[in-house]
1. With respect to PHE35, determine if the residue is under 21 Å from LEU16 (Cβ atoms), among the hydrophobic types (A, V, I, L, M, F, W, C), out of contact with any His (no Cβ under 7 Å at 6 or more places or on another chain) and buried (at least 17 other Cβ atoms within 10 Å of the Cβ).
2. Within the stretch 19-37, which residues are basic (Lys, Arg) and in a loop (DSSP other than H, G, I, E, B)?
3. Evaluate the stretch 90-103: report whether one residue or more is among the hydrophobic types (A, V, I, L, M, F, W, C) and surrounded by fewer than 16 Cβ atoms within 10 Å (Cβ to Cβ).
4. Quick one: would you say PHE35 is in contact with a helix residue (DSSP H, G or I) (Cβ under 8 Å, 6 or more places away or on another chain) and more than 20 Å from LYS105 (Cβ to Cβ)?
5. Could you please let me know if ALA85 is farther than 24 Å from SER4 by Cβ, of a type outside the set (Ser, Thr, Tyr) and surrounded by 14 or more Cβ atoms within 10 Å (Cβ to Cβ)?
6. Whether any residue in the stretch 110-124 is surrounded by 13 or more Cβ atoms within 10 Å (Cβ to Cβ), touching a residue at least 40 places away in the same chain (Cβ under 8 Å) and of a type outside the set (A, V, I, L, M) is what I want to check.
7. Here is a check on your reading of the model: is LYS2 surrounded by 15 or more Cβ atoms within 10 Å (Cβ to Cβ) and more than 20 Å from ASN119 (Cα to Cα)?
8. For the stretch 38-71, name all the residues that are of a type in the set (A, V, I, L, M), exposed (fewer than 15 other Cβ atoms within 10 Å of the Cβ) and in contact (Cβ under 8 Å) with a residue 12 or more places away in the chain.
Amino acid sequence: MKPSEIIKKEAEKRGLDVTKTLVSVQYILTHKLGFLLSKGNSVLLLAKIGDNEYETHLFTEDSPLKLAQAMISIFHDIEKLNIKAIYGNADNPQIINLLKKLAEKEGTEIQNPDKPNYNWMIRL
């Protein structure tokens with residue numbers, strides 16, 4: 001699937017306005033305020049919020065096992081990009097557990113955020 005198709009399907013599942021979601025993502029990409037990383041049928045939007053700090057948004061059509069594999073690959077890509085910290089607002093406990101395991105595997109940890117409006121952060 002193309003990233004736009006994955007984003008569209010995720011927006012539909014979450015009851016979001018699909019057009020607004022796609023326009024927002026396109027705005028971020030067009031104005032170089034962030035970028036996408038993808039693997040399989042999972043897409044991670046990283047939107048710049050500070051100096052080498054990014055807010056994350058996950059869109060996926062992968063099964064839990066495929067998502068775990070995709071996130072490992074995406075996490076390695078993030079590490080190569082000189083990013084200092086990523087932030088998110090995960091509402092799914094399984095995603096938080098996956099992030100904890102990935103962070104621990106890479107020698108870091110999921111932390112309480114130092115910015116409002118997020119419920120987790122990882123320093124890289």
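Rule-based calculations on the coordinates, nothing more; no lab input. What you see is a predicted model; the values in this text were computed from it and never measured. Backbone-built Cβ (ideal geometry, glycine too); neighbour counts: all protein chains shown.
1. For PHE35, the condition - under 21 Å from LEU16 (Cβ atoms), among the hydrophobic types (A, V, I, L, M, F, W, C), out of contact with any His (no Cβ under 7 Å at 6 or more places or on another chain) and buried (at least 17 other Cβ atoms within 10 Å of the Cβ) - is not met.
2. LYS32
3. Scanning the stretch 90-103, I find at least one residue that is among the hydrophobic types (A, V, I, L, M, F, W, C) and surrounded by fewer than 16 Cβ atoms within 10 Å (Cβ to Cβ), so the answer is yes.
4. Yes, satisfied.
5. In short, yes.
6. yes
7. So LYS2 fails the test.
8. Selection gives nothing.
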